[in-house]
Amino acid sequence: MTSHDTTTPAPAPADRQVADVAPYDALLLVSFGGPEGPDDVLPFLENVTRGRGIPRERLVEVGEHYYAFGGRSPINDQNRAFLDALRVDLDEAGIALPLYWGNRNWDPYLTDALAQMAADGVTRAACFVTSAYSSWSGCRQYRENLYDAVEDVAGREGPDAPRLDKLRHYFNHPGFVDPVVDATLAALADLPEDARAGARILFVTHSIPDSMNDASGPPEQGGGAYVAQHLDVAGVVAGRVAEVTGVERAHELVFCSRSGPPQMPWLEPDVNDRMRELVEEGATPAVVLVPVGFVSDHMEVIYDLDTEALETADELGLPMRRAGTAGTDPRFVAVVRDLLTERAAVERGEDVARSSVGETGPMWDVCPAQCCANGKGPRPALCGRDA
Ligand SMILES: CC1=C(CCC(=O)O)c2cc3nc(cc4[nH]c(cc5[nH]c(cc1n2)c(C)c5CCC(=O)O)c(CCC(=O)O)c4C)C(CCC(=O)O)=C3C
Ligand SMILES: [Fe+2]
């Protein structure tokens with residue numbers, strides 16, 4: 001099965017076009033993929049790291065994280081749940097658009113999803129990527145993989161892949177940010193009362209190489225979009241939390257899941273190092289970790305935060321709570337519909353209102369040339385000016 005179980009059977013071509021979402025006749029959920037059993041772990045890791053120069057020891061270590069959870073990543077089940085929720089959301093809005101799902105690194109693969117879409121007669125699909133921020137890893141690499149998958153389908157027998165448009169970045173969409181605010185409030189409320197007012201908020205995201213951050217966003221904006229976008233969202237969330245609780249809390253951005261060789265600089269501080277420092281300085285009685293860089297509780301969250309960082313906090317005697325991720329919060333699920341109908345209207349040449357919070361403003365529909373190119377020779381990528 002390449003398309004998801006809840007995919008509506010593709011309607012006959014004549015009634016496929018739903019007014020709200022024309023010119024789109026399908027939606028493709030694009031994600032990372034993860035192993036679903038112990039035998040999948042090594043081949044999955046090889047897929048992820050092919051040509052990336054990740055040290056062998058790191059792979060063995062990350063493999064152990066997966067084995068500790070039975071060799072099964074939660075990410076695919078989270079995408080299945082997201083698609084189920086999205087089906088309900090779209091149906092309630094009268095949008096009978098078929099849904100498909102393809103991953104970069106594991107079954108169901110993008111190429112198979114696109115081949116299925118082509119076979120079903122899909123001509124133009126909007127893509128929602130489960131990665132919210134700009135960077136090569138979070139955006140451009142997905143666009144390169146979409147290009148590759150379209151090429152793969154062209155090399156197979158059968159119809160060509162549909163035209164693909166990537167829906168815009170949503171890190172600053174209220175439907176993503178609001179659930180994060182509520183999750184932060186809930187995590188704070190769960191702390192021991194005497195530690196609550198002084199608790200520090202640590203917004204956590206995936207570390208990436210400094211060079212990848214420097215190259216993130218369009219070159220003419222000078223780079224650093226990855227960190228800048230996170231800081232913008234963190235400021236909005238912290239501000240809202242302060243409003244609701246009546247307490248101004250210190251907050252900052254920290255990182256998890258560093259890989260790569262030790263001599264290569266990656267974004268710091270690491271969440272564990274920072275908690276140690278804070279305790280040494282006597283700077284805080286408790287912390288709330290807000291995994292603002294992740295849209296669901298996948299392996300980085302359940303291992304790097306809920307397992308490793310929690311162990312560090314316990315060792316330090318530092319009360320720690322981890323805020324939930326957007327996951328299948330109905331407000332986050334509805335972001336897909338909002339961006340889909342917004343983009344459809346744009347493609348029909350209509351004016352649209354674009355939701356966003358914070359300082360950055362609504363993001364572009366089509367990535368600028370060389371966006372997030374990471375200093376490498378340009379690899380072909382879809383959904384950009386340089387496509
Ligand atoms: C920015 C970013 C996101 C967020 C955007 C997004 O969501 O896409 C993300 C997501 C994810 N990363 C994931 C897994 C892995 N990432 C790795 C490696 C790497 N990630 C990087 C960055 C990111 N990664 C980087 C710069 C590397 C180094 C290699 C390279 O330069 O390409 C490795 C190899 C081992 C290691 O090095 O850790 C694994 C296994 C999973 C699945 C989790 C699950 O199974 O639940 C997810 C959602
Ligand atoms: Fe990763």
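The values are calculated or read from the model by the stated rules, or taken from the named source; none is laboratory data. The shown structure was predicted, so the numbers you read here are calculated from the model rather than taken from an experiment. Every residue, glycine among them, receives a Cβ derived from its backbone with ideal geometry; neighbour counts consider all protein chains shown. Heavy atoms of the whole protein, side chains included, go into the accessibility calculation; ligands, DNA and RNA do not. Shrake-Rupley method; radii C 1.70, N 1.55, O 1.52, S 1.80 Å.
Using DSSP to define loop residues, name the GluC sites (Glu not before Pro) in segment 240-278 whose beta-carbon has at most 13 other beta-carbon atoms within 10 Å. Intermediate values should be presented prior to the final figure.
Numbers: sites: 243, 248, 252, 277; in loops: 248.
Loop-located and lightly packed - 248.
Taking square-rooted eigenvalues a ≥ b ≥ c of the alpha carbon gyration tensor, is segment 174-322 rounded, prolate or oblate, where a/c under 1.5 means rounded and, failing that, a/b exceeding b/c means prolate? Intermediate values should be presented prior to the final figure.
Values: a/c = 1.84, a/b = 1.29, b/c = 1.43.
Oblate, since a/c reaches 1.5 and b/c is not below a/b.
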When you count, for each residue, the other Cβ atoms within 10 Å and take the mean per peptide, how do 122-133, 141-152, 343-354 rank with the highest first?
122-133, 141-152, 343-354
Would you mind telling me which residue in 356, 134, 296 has the biggest mean-square fluctuation in a Gaussian network model of the chain, where springs connect alpha carbons within a distance under 10 angstrom?
356
Quantify, in whole percent, the carbon and sulfur part of the accessible surface of segment 40-121 (1.4 Å probe; protein heavy atoms only).
52
Find the accessible area per residue for the chain; the probe is 1.4 Å, ligands and nucleic acids are left out, and the unit is Å².
40
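State, as an integer percentage, the relative contact order of the chain based on alpha-carbon contacts under 8 Å between residues 6 or more apart. Mind showing how you got there, number by number?
Details: 715 pairs, mean separation 88.7, N = 387.
Over the chain, the number comes to 23 percent.
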Ignoring ligands, DNA and RNA, what percent of the 1.4 Å accessible area of segment 235-387 is carbon and sulfur?
48
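Is the shape of the chain best called rounded, prolate or oblate, per the rule: a/c under 1.5 gives rounded, else a/b larger than b/c gives prolate, else oblate, with a ≥ b ≥ c the square roots of the Cα gyration tensor eigenvalues? Write out the running numbers ahead of the final one.
Values: a/c = 1.72, a/b = 1.45, b/c = 1.18.
Prolate.
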